[in-house]
Amino acid sequence: MNFFTPTVLKALGIATVETLEMVVISGIITVVIGLVLGILLHVTGKGGLTPIRWLNVILSAIIVNITRSIPFAILMVALIPFSAMVVGTSLGPIAASVSLTIGTIPFFARLVETALRDVSAGKVDAALVMGSTKMQTIRKVLVPEAMPGIIAAVTTTVVTLIGYSAMAGLVGGGGLGRMAYTYGYTRYNMPIMITTIIIIVVLVQLVQIIGDLIARKVDHR
């Protein structure tokens, strides 16, 4: 029996493109906003360049911790009305990107904060002693020195997004998750289910390999 009819193969191609669309859109927005949030978490925290306790509490304890504590499946369903308000629809990869972005920004920001903490305090102090402003220290010392860890954080986040995108497919997000459910699970079509899993695994492996290569290239330690 031929499980891979032209219709199924076409649907598989579309599903792969939709998954990539979700991951790319949410990944770019997550990295941009999450990087800024991660830097703010570090510099406003205890021992940071500009300790501001009340701001750090709002960012860390309220925004980041509360969002991270909500299981993504629940968060995704809860954000359906918000996604519809933002992009005009609650279905499709664009709508799913809203939930994916909100769900992963706090995760990525915390990884960035951890990477910044690993930067030697001596290098930061040396930059300040030589007359660098706090903003210059962040741009020219803190972030560049933490870049290998930040690249590793990006890699981990993108891998997480690929997994989350599969869950998004179950609530109208499309992509390989929807393909696996519609063609694989509901129709008891195991070959298609296995194929979608293989594609997801390949995507994860490619992201991990590329991320590791970039991290090694930017690591000058």
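The values are calculated or read from the model by the stated rules, or taken from the named source; none is laboratory data. Everything quoted here is computed from the prediction, not taken from an experiment. FYI the Cβ positions are ideal-geometry reconstructions off the backbone, even for glycines, and counts take in every protein chain you see. Heavy atoms of the whole protein, side chains included, go into the accessibility calculation; ligands, DNA and RNA do not. Shrake-Rupley method; radii C 1.70, N 1.55, O 1.52, S 1.80 Å.
In the calculated pair-distance distribution of the range 90-201, the portion above 21 angstrom amounts to 54 percent of the Cα-Cα pairs.
Relative intensity of the chain on a log10 scale, I(q)/I(0) at q = 0.11, 0.17 Å⁻¹, equals -0.62, -1.14, per a Debye sum over C-alpha point scatterers of equal strength in the absence of solvent. Take every pair of alpha-carbon atoms less than 8 Å apart whose residues are at least six positions apart; their mean separation over the length of the range 1-159 yields a relative contact order of 28 percent. Magnitude of the charge dipole for the chain, about its Cα centre and with charges confined to Cβ atoms of Lys, Arg (+1) and Asp, Glu (-1), is about 300 debye.
Taken over the chain, lysine pairs spaced eight or more positions apart, or on distinct chains, with alpha carbons under 20 Å apart number 5. Solvent exposure of the chain, expressed per residue, is 54 Å² of accessible area, with all protein chains present and a 1.4 angstrom probe. Taking the average, over residues, of other Cβ atoms within 10 Å as the packing measure, peptides 48-58, 14-24 rank 14-24, 48-58 from highest down.
Once the mean of 1/r is taken over each pair of separate Cα atoms and inverted, the range 15-142 shows a Kirkwood hydrodynamic radius of 16.1 Å.
Roll a 1.4 angstrom probe over the protein heavy atoms and tell me the percent of accessible area of the range 1-141 that is carbon or sulfur.
Using a 1.4 Å probe with all protein chains present, the range 1-141 comes out at 71 percent carbon and sulfur.
The Stokes-Einstein estimate for the range 17-86, based on a Kirkwood radius over Cα pairs and taken at 10 °C with 1.306 mPa s viscosity, is a diffusion coefficient of 113 µm²/s. With contacts taken as Cα pairs under 8 Å and at least 6 residues apart, the range 104-150 reaches a relative contact order of 53 percent. Structural size metrics of the range 145-221, computed from C-alpha coordinates, are Rg and Dmax of 15.8, 53 Å. In summary, the helical segments of the chain meeting the span-like criteria, namely a full DSSP H run, a Cα extent along the axis of 24 angstrom or more and a mean Kyte-Doolittle hydropathy of at least 0.0, are 6-43, 93-117, 143-168, 190-218.
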